[in-house]
Amino acid sequence: MSCAESPKSGHECSGVYFATGLQEPEKAAVHKRSPKVLEALQKLNIQADQAPVIAVLGSGGGLRAHIACLGVLSEMKALGLLDAVTYLAGVSGSTWALSSFYTKNGNMEGMEEELKHRYETNEWDFDESLKKAIEASRRDNYSLTDFWAYLIVSRQIRELQDLNLSSLKKQVEEGMLPYPIFAAIDDDLQCDWRERKTQNSWFEFTPHHAGYPALGAYVPITEFGSRFENGKLVRSEPERDLTFLRGLWGSALADFEETKKYIFNSLKDLSSQSRKEHPLMGKCQIMKAGAGTVTYSEAPRMEVDEMLLDLMMACVMDQNDPSIKDKLCALQQALGTEKDEFGKEMAEIIQSWNETSLEKKQQFVDHLLDYFKKTQEPIKYSLKNQVKGLFWDTLTFLSKTLMNLWRWEWGSVYNFLYKHGNIEDETMYSREFLHLVDAGLAINTPYPLVLPPVREAHLILSFDFSAGDPFETIRATADYCQRHDISFPEVSDDQLMEWAKAPMSYYILRGETGPVVMHFTLFNKDNCGDDIEMWRKKYGTMKLSDSYTPDLVTDLLRVSKENVQKNKINILNEMRKVAEKPGNFPRVNKEAGLRDTVQDVQGSRTMEIKISHNIHKD
């Protein structure tokens with residue numbers, strides 16, 4: 001029996017499971033939320049016999065999206081609008097804001113002063129962030145997402161969060177806060193996404209579960225990241241903290257080359273800062289003695305390690321760098337490996353380095369690091385009391401990060417569908433690891449997670465904090481929905497291009513079926529006048545948090561709040577309309593509304609949804 005079919009109220013599943021509709025914990029939370037929504041609508045002078053389902057969506061956009069989304073939530077809370085919302089969903093930077101909102105139990109008092117204080121004092125606990133990143137690097141599935149989470153995202157938003165997603169469920173289960181949905185996509189399915197906009201690409205997180213809604217395949221959020229095989233738990237892993245999840249949800253801030261350069265420079269700064277702040281790490285020198293025994297002396301010790309790190313950085317940045325051969329020769333001499341088997345192998349690779357394939361270069365550097373670890377292992381123990389293993393841990397962490405940078409590996413987590421007998425798709429069951437990344441790489445707003453009829457959203461308030469064209473999310477969503485027969489207002493590309501030239505603060509998209517969509521643009525004619533482009537440049541996606549002043553934070557909060565404040569009447573009008581007449585949804589089996597093609601424990605089921613796209617716009 002699947003979770004959704006369980007007759008036991010509040011029942012939570014354990015292990016891998018398949019749900020053909022809303023899962024019981026979500027269904028119960030939404031049910032508890034309904035009277036709160038009706039009460040909020042009544043306070044807003046809106047009468048309703050049944051609570052409409054209103055969803056608020058936040059787009060990606062890095063730190064700009066994080067701060068702007070907090071502004072939107074704060075203003076909606078102050079105006080009594082947020083209490084009428086059933087779902088909150090986010091992508092990328094907005095997930096940072098949503099997770100902060102829930103860790104504070106929805107309390108937005110003092111939010112603005114706290115934000116300004118963070119960026120005025122440049123608060124960031126480097127030592128604790130490094131410690132968390134080093135701990136993460138001990139995992140088998142350490143990837144760039146761990147580095148990004150603990151040393152970049154935490155620095156951007158000035159917060160390390162030890163809480164887990166499951167710890168946020170109490171207020172949600174009691175109906176006191178909207179039900180949250182955090183979006184990611186499966187990076188291994190990017191080719192399918194580009195070619196077919198496949199629904200299987202989308203992955204969702206809630207305080208109760210994590211999984212693929214199109215497949216109806218999930219695990220409890222407390223078991224996300226644990227190791228499964230054929231649906232059975234093989235090795236339990238602790239639930240990952242919110243800092244890691246923020247790095248996973250918000251891992252696409254720029255194009256490949258810019259992000260690579262950004263991480264590399266962060267690594268370089270980190271390496272220098274580590275050496276400055278931990279001078280004990282420079283007091284010992286490795287020397288080879290006897291049959292491979294490692295000893296140490298009082299002479300400076302960092303030479304070999306710096307040479308290895310310098311070599312790896314050079315390899316990552318440019319495998320054809322002519323200095324690499326010289327670095328290899330110097331490292332070989334420092335290690336004293338000229339006469340052993342590894343030394344012979346190293347000599348051969350040095351000789352043919354320029355003609356060696358990228359794959360073989362990568363394999364050799366892996367082998368070099370492995371050799372280095374084995375020959376230097378005694379140092380970890382002989383110096384433990386003096387430097388507490390920090391030197392070796394830091395070197396291993398930096399080396400593993402560089403190797404992941406070389407491979408460009410993100411979001412590595414154990415695949416809970418690995419070798420699962422009830423999954424027909426080989427791509428889904430054959431991978432030992434999943435690679436989950438920022439959903440903004442697909443669509444920069446989480447429409448695919450709230451549009452299926454199973455969640456029955458009647459009104460969607462979509463706040464766009466994207467860089468560039470504020471209507472690209474609408475364009476991409478319309479294409480996605482048309483491909484999969486999901487109800488969404490029809491849009492004209494010519495019309496969207498015209499709107500983008502001088503966007504107003506909001507637009508209403510309305511169809512004959514499905515939800516009404518209110519689309520809000522962050523920088524627009526109403527709050528920026530003719531200076532929209534100036535505002536966009538002022539808050540670039542890759543803008544470092546160190547350059548955010550209290551005034552910049554205040555201005556961004558102001559314009560995001562104005563988009564709610566100035567449009568309160570318009571939002572209330574749409575709330576009133578859906579309260580009076582919730583909407584005309586396609587006649588579909590809601591228990592299968594989220595699914596593509598799934599084989600569950602009862603057998604194979606296929607559900608095809610046909611929806612009319614004849615609509616009109618306000």
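Exactly one residue among D438, D464 is within 21 Å of G71 (Cα to Cα), touching a strand residue (DSSP E or B) at 6+ places or on another chain (Cβ under 8 Å) and modelled with pLDDT of 95 or more, and that residue is D464.
I'm trying to understand the selection: among the residues of region 535-566, which are surrounded by fewer than 19 Cβ atoms within 10 Å (Cβ to Cβ) and assigned to a loop (DSSP other than H, G, I, E, B)? G540, M542, K543, L544, T549, K566 - these are the residues of region 535-566 that are surrounded by fewer than 19 Cβ atoms within 10 Å (Cβ to Cβ) and assigned to a loop (DSSP other than H, G, I, E, B). Contact map, region 38-53: first residue closer than 18 Å to V516 by Cα, second residue open to solvent by 20 Å² or more (accessible area, probe 1.4 Å) and at pLDDT below 95, Cβ cut-off under 8 Å, separation 6 or more or different chains; pairs are L41/Q47; L41/A48; A48/E580; Q50/P582; P52/P582; P52/G583; V53/E456; V53/P582.
If the condition is being at pLDDT 95 or above and not β-branched (V, I, T), then region 94-115 contributes S94, W96, A97, L98, S99, S100, F101, Y102. Any residue that is farther than 15 Å from R64 by Cα and free of Cβ contacts under 8 Å to residues at least 60 places away in the same chain - is there at least one of those in region 543-560? No, every residue in region 543-560 fails to be farther than 15 Å from R64 by Cα and free of Cβ contacts under 8 Å to residues at least 60 places away in the same chain. Could you list all residues from region 479-531 that are of a type in the set (G, A, S) and either in contact with a helix residue (DSSP H, G or I) (Cβ under 6 Å, 6 or more places away or on another chain) or not in a loop (DSSP other than H, G, I, E, B) (or both)? Once the filter is applied, which keeps residues that are of a type in the set (G, A, S) and either in contact with a helix residue (DSSP H, G or I) (Cβ under 6 Å, 6 or more places away or on another chain) or not in a loop (DSSP other than H, G, I, E, B) (or both), region 479-531 yields A500, A502, S505, G511.
Of all the residues in region 112-131, those that are surrounded by 19 or more Cβ atoms within 10 Å (Cβ to Cβ) and under 26 Å from V172 (Cβ atoms) number 2.
When region 216-244 is limited to residues that are touching a helix residue (DSSP H, G or I) at 6+ places or on another chain (Cβ under 6 Å) and not β-branched (V, I, T), the one that is most open to solvent (accessible area, probe 1.4 Å) turns out to be E239. In region 107-136, the residues that are over 30 Å from L398 (Cβ atoms) reach residues that are charged (D, E, K, R) and surrounded by 14 or more Cβ atoms within 10 Å (Cβ to Cβ) with C-beta atoms within less than 8 angstrom, at least six apart or across chains, in these pairs: M108/K77. Identification of strands (runs of 3 or more DSSP E) wholly contained in region 148-236 with 1 or more residues that are farther than 19 Å from L98 by Cβ, at pLDDT below 95 and touching a Pro at 6+ places or on another chain (Cβ under 7 Å) yields no element.
Residues that are surrounded by fewer than 20 Cβ atoms within 10 Å (Cβ to Cβ) and closer than 23 Å to Y262 by Cβ within region 161-186 comprise just one, Q161.
In this structure, does K543 turn out to be more than 21 Å from W499 (Cα to Cα), modelled with pLDDT under 90 and of a type in the set (D, E, K, R)? Against the criterion (more than 21 Å from W499 (Cα to Cα), modelled with pLDDT under 90 and of a type in the set (D, E, K, R)), K543 qualifies.
Residues that are of a type in the set (F, W, Y) and open to solvent by 60 Å² or more (accessible area, probe 1.4 Å) were ranked within region 381-429; the one that is modelled with the lowest pLDDT is Y381. Any residue in region 305-326 that is over 16 Å from L402 (Cα atoms), of a type in the set (A, V, I, L, M, F, W, C) and either out of contact with any strand residue (DSSP E or B) (no Cβ under 9 Å at 6 or more places or on another chain) or in a helix (DSSP H, G or I) (or both)? Scanning region 305-326, I find no residue that is over 16 Å from L402 (Cα atoms), of a type in the set (A, V, I, L, M, F, W, C) and either out of contact with any strand residue (DSSP E or B) (no Cβ under 9 Å at 6 or more places or on another chain) or in a helix (DSSP H, G or I) (or both), so the answer is no.
Residues that are among the hydrophobic types (A, V, I, L, M, F, W, C), within 18 Å of N444 (Cβ to Cβ), buried (at least 19 other Cβ atoms within 10 Å of the Cβ) and in contact with an Asp or Glu (Cβ under 8 Å, 6 or more places away or on another chain) occur in region 478-488; there is at least one. For region 132-143, filtering for residues that are open to solvent by less than 70 Å² (accessible area, probe 1.4 Å) and either assigned to a helix (DSSP H, G or I) or of a type in the set (A, V, I, L, M) (or both) leaves 5.
The values are calculated or read from the model by the stated rules, or taken from the named source; none is laboratory data. The shown structure was predicted, so the numbers you read here are calculated from the model rather than taken from an experiment. With ideal geometry, Cβ positions are generated from the backbone for all residues, glycine too; neighbour counts draw on all protein chains shown. Heavy atoms of the whole protein, side chains included, go into the accessibility calculation; ligands, DNA and RNA do not. Shrake-Rupley method; radii C 1.70, N 1.55, O 1.52, S 1.80 Å.
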